[in-house]
1. Can you run down the residue pairs with Cβ atoms below 7 Å, 6 or more apart or on separate chains, where the first is in the range 403-415 and free of Cβ contacts under 8 Å to residues at least 12 places away in the same chain and the partner is open to solvent by 10 Å² or more (accessible area, probe 1.4 Å) and aliphatic (A, V, I, L, M)?
2. Can you tell me which residue within the range 23-63, out of those that are open to solvent by 10 Å² or more (accessible area, probe 1.4 Å) and more than 19 Å from residue 105 (Cα to Cα), is nearest to the ligand (Cβ to nearest atom)?
3. Identify the single condition in (1) within 16 Å of the ligand (Cβ to nearest atom); (2) farther than 27 Å from residue 413 by Cα; (3) in contact (Cβ under 8 Å) with a residue 60 or more places away in the chain; (4) not in a loop (DSSP other than H, G, I, E, B) that residue 383 does not satisfy, given that it satisfies every other one.
4. So is residue 341 modelled with pLDDT under 95, under 25 Å from the mean Cα position of the chain (by Cα) and within 24 Å of residue 4 (Cα to Cα) or not?
5. Condition first: under 15 Å from the mean Cα position of the chain (by Cα), within 12 Å of the ligand (Cβ to nearest atom) and not charged (D, E, K, R). Now tell me which residues in the range 309-334 satisfy that.
6. Tally the residues that are more than 16 Å from the ligand (Cβ to nearest atom), modelled with pLDDT of 95 or more and not in a strand (DSSP E or B), restricting the search to the range 114-148.
7. For the range 153-166, state whether one or more residues are within 11 Å of the ligand (Cβ to nearest atom), without any contact (Cβ under 8 Å) to a residue 60 or more places away in the chain and of a type in the set (A, V, I, L, M, F, W, C).
Amino acid sequence: MDRIVIRGGRRLSGRIPISGAKNAALTLLPCALLTDQPLTLRNLPRLADVDGFGHLLNGMGVSTAIAGGSPAEFGRAMTLTADRITSTTAPYDMVRKMRASILVLGPLIARAGEATVSLPGGCAIGNRPIDLHLKAMEALGARIEIASGYVRAIAPDGGLRGGRIAFPVVSVGATENALMAASLANGESVIDNAAREPEIVDLCECLMAMGAEIEGIGGERIVVHGKPSLHGADYAVMPDRIEAGSYACAAAITGGSLELAGARADDMAAIIDALGEAGLVVEAMDGGLRVTGDGRLKPLTLSTAPFPAFPTDMQAQFMAMLALADGASVLTETIFENRYMHVPELARMGADVQTRGRVAVVRGVAGLTGAEVMATDLRASMSLVLAGLAAEGETRVHRVYHLDRGYERLEEKLSAVGADIEREADG
Ligand code: UD1
């Protein structure tokens, strides 16, 4: 298995192009199931998860064609056509590898009247149940059966009907499934306590481009007026705010200055505020952001929570950065119960982090040292890369497939701004 090898201590400087957002792409791809006409998605990041989702859709009869012509920096364009859905099953092997596969549930029931999706099971950052997804489908009239590790959902005769969905906790994925399904349901649906993440806004805008009628986009209450059919569209995926935030941490931890080309400040207010509090200078510039550090970092008190608060997907990267701050930081993880898997690995590099339940106390140290490390999830792996960029000596990050799920051309982007980083193949 490949490793990422980093020799730390270099100050990063230059321009990093920000790719299309993974989490937006993973909810825009299943929109193809909602129409028999072609959906072209532009600015798709080149990531293992995007390819995986394409294969999942291929298995359902969706054709995927890479539309050429876009410069590498602007990602890929893909045209997806689901003129005939030939299978309504998301098999265990796909869902196990990629939890976001659950996002075919809503579109399949809405368009084909049924869906059979493997239960995702546990994952590295917690139990991650899908009860809210199922409740949302039930609220639209679907009947749910669970047998042999699969969820089978069946629409009533005449198809899904509008309904009222009130989420007891905010869920990004369940809101996405509800929006996609409600767009093709008969009548009006009201979604309360909807997630407000920018990726939800991106999904709503794509659905609107496909002919959906949605009110309250970006708010806690979203109203969807269902349509009998949707049509094709041409839509560009939003820039990845978590990738941008991760590279901002790279500027911070190396005392460098990076231009994050394409990053959208509006989507990143909580991240930018936290960077500012840590002592970074963050400037909006034409078509992006510039983040500059002087090598000194102030400690922070941060709590993860649904958007617009600080994202759980940035917690691990901030922890790596705060490991080198002048003082003690307190991080509280409120979204996932098991999202401190990077702590023992960071400790092996010299970080001083103590966790108790949801709270982590990070006492800044004078320096980190390179080590062999591995992580069990995507953002945790990035925190180790960041630590490696600042550490003295060599860091080898194992299980690179986690990084390949969510960071497009990571080593290329970082070496272009001065990092000493390469991929090493086994052998
Ligand atoms: C999405 C993101 C992930 C991010 C997370 C929170 C994608 C592909 N992934 O994941 O990167 O970390 O949002 O911002 O977009 N929950 C339930 N029942 C459910 C669904 C969720 O109890 O049916 C709980 C979860 O266990 C968690 C919380 O709700 O504690 C939020 O999870 P959710 O927003 O659904 O995360 P995902 O959509 O899986």
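1. Qualifying pairs under 7 Å: 415/421.
2. 48
3. (2)
4. Values: modelled with pLDDT under 95: yes; under 25 Å from the mean Cα position of the chain (by Cα): yes; within 24 Å of residue 4 (Cα to Cα): yes.
Yes: the conditions hold for residue 341.
5. The first filter runs over the range 309-334 and keeps only residues under 15 Å from the mean Cα position of the chain (by Cα), leaving 310-317.
Then drop every residue that is not within 12 Å of the ligand (Cβ to nearest atom), which leaves 310-316.
Of everything in the range 309-334, those that are under 15 Å from the mean Cα position of the chain (by Cα), within 12 Å of the ligand (Cβ to nearest atom) and not charged (D, E, K, R) turn out to be 310, 311, 312, 314, 315, 316.
6. The number of residues fulfilling the criteria is 1.
7. In the first step, residues of the range 153-166 are kept if they are within 11 Å of the ligand (Cβ to nearest atom); the result is none.
No.
The rows are residues; the columns are (1) touching a helix residue (DSSP H, G or I) at 6+ places or on another chain (Cβ under 7 Å); (2) surrounded by 18 or more Cβ atoms within 10 Å (Cβ to Cβ); (3) touching a residue at least 24 places away in the same chain (Cβ under 8 Å).
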| site | (1), (2), (3) |
| --- | --- |
| 248 | yes, yes, yes |
| 254 | yes, yes, yes |
| 262 | no, yes, yes |
| 267 | yes, yes, yes |
| 275 | yes, yes, yes |
| 282 | yes, yes, yes |
| 287 | no, no, yes |
| 294 | no, no, yes |
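The values are calculated or read from the model by the stated rules, or taken from the named source; none is laboratory data. This is a predicted model, so every value here is computed, not measured. Reconstructed Cβ throughout: ideal geometry from the backbone, glycine too, with neighbour counts over all protein chains shown. Note: areas computed on protein heavy atoms with side chains; ligands, DNA, RNA excluded. Shrake-Rupley method; radii C 1.70, N 1.55, O 1.52, S 1.80 Å.
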